[in-house]
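The values are calculated or read from the model by the stated rules, or taken from the named source; none is laboratory data. Keep in mind it's a predicted model, so treat the numbers as computed, not measured. All Cβ positions, even for glycine, are placed from backbone atoms using ideal geometry, and neighbour counts span all protein chains on display.
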Amino acid sequence: DAGVIQSPRHEVTEMGQEVTLRCKPISGHDYLFWYRQTMMRGLELLIYFNNNVPIDDSGMPEDRFSAKMPNASFSTLKIQPSEPRDSAVYFCASSLVIAGGSSTDTQYFGPGTRLTVL
Amino acid sequence: RKEVEQDPGPFNVPEGATVAFNCTYSNSASQSFFWYRQDCRKEPKLLMSVYSSGNEDGRFTAQLNRASQYISLLIRDSKLSDSATYLCVVNFNAGKSTFGDGTTLTVKP
C-alpha cells in the first residue's frame, strides 16, 4: 500500500493567495483527519470525516479554512485568503473503522505539506 | 489546562540508558491510548498502543493508570536511533484523537 498521499509536499505562497492542500487516504480507510503542526501550538486537529461526512470541524481556526471530501479517496483543505500565521506543516491522516462502530484509532499519517505564507 | 500534557524535555541520555516518559490526561472517560513517534521533519508514526494491563514491545514498555489518569513509556537500553519526539495520544471518542505536545529524546554516544 502506498500509504496516505499528500500534495504538494511544499508550498510557498504570498499573503492573500488561495492555497489548496490535497490528500488521498489509504484505500479502505473511512476516517480522514486534517492536522496542523507548529512549534508553538503542537499538533492540532482541524477537522475529521467519517465516510466522507465531516464529523467535527471545531478545530478549524476560522472561515478562511474549508475542507471537503467529495469521495472516499480524496480530500482537500483550502485556505482563502492565506495569511503568514497559517505557515505550518499540514498533515492528513486516515484510519479504519472496526466492528462495533469505533475506529481502531491507529492513525496513519501522510508526509505532510509544509506551507509557508510570505 | 490541556487535555493531554507531557513533559516536553528535552531528555538527553547516553546510549544504553533507561528513560521514562509520563503523560497525563484530563478526561476520565477516555477510551484508548497510544504512543506515537515523530522524527525530525517527518510525520508521526504509531509506536505502540497502551493497554490497561500494560504491554511490552521489545525494549519499550507502556503502562496505563486509569485511576491517576496517566500513561507512561519506558525505553530500556536506549539506542541512538531512539532519538525522536514521543507523542502521547488519547482518544475521547470514536475517531477523534488528542495529541500531547511531545517529549523530545536525544540519545548520545
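Odds and ends about this structure:
- Residue pairs whose Cβ atoms lie under 8 Å apart, separated by 6 or more positions or on different chains, with the first residue in region A:48-69 and facing chain B (nearest Cβ under 10 Å) and the second in a loop (DSSP other than H, G, I, E, B) and of a type in the set (Gly, Ala, Ser), are A:48/B:95; A:50/B:95; A:55/B:95.
- Residue pairs whose Cβ atoms lie under 6 Å apart, separated by 6 or more positions or on different chains, with the first residue in region B:20-39 and modelled with pLDDT under 90 and the second aromatic (Phe, Trp, Tyr), are B:27/B:92; B:30/B:92.
For every residue, the table says whether it meets (1) under 22 Å from residue B:37 (Cα atoms); (2) more than 13 Å from the chain's Cα centre (by Cα).
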| position | (1), (2) |
| --- | --- |
| A:26 | yes, yes |
| A:34 | yes, no |
| A:71 | no, yes |
| A:88 | yes, no |
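- Residue A:19, sole failed condition from (1) touching a Lys or Arg at 6+ places or on another chain (Cβ under 6 Å); (2) at pLDDT 95 or above: (1)
- Entirely in region B:29-96, the strands (runs of 3 or more DSSP E) that have 2 or more residues that are of a type in the set (Phe, Trp, Tyr) and facing another protein chain (nearest Cβ under 10 Å): B:32-38
- Qualifying residue in region B:84-101 (condition: crowded, with 17+ Cβ neighbours inside 10 Å and in contact with a helix residue (DSSP H, G or I) (Cβ under 8 Å, 6 or more places away or on another chain)): no
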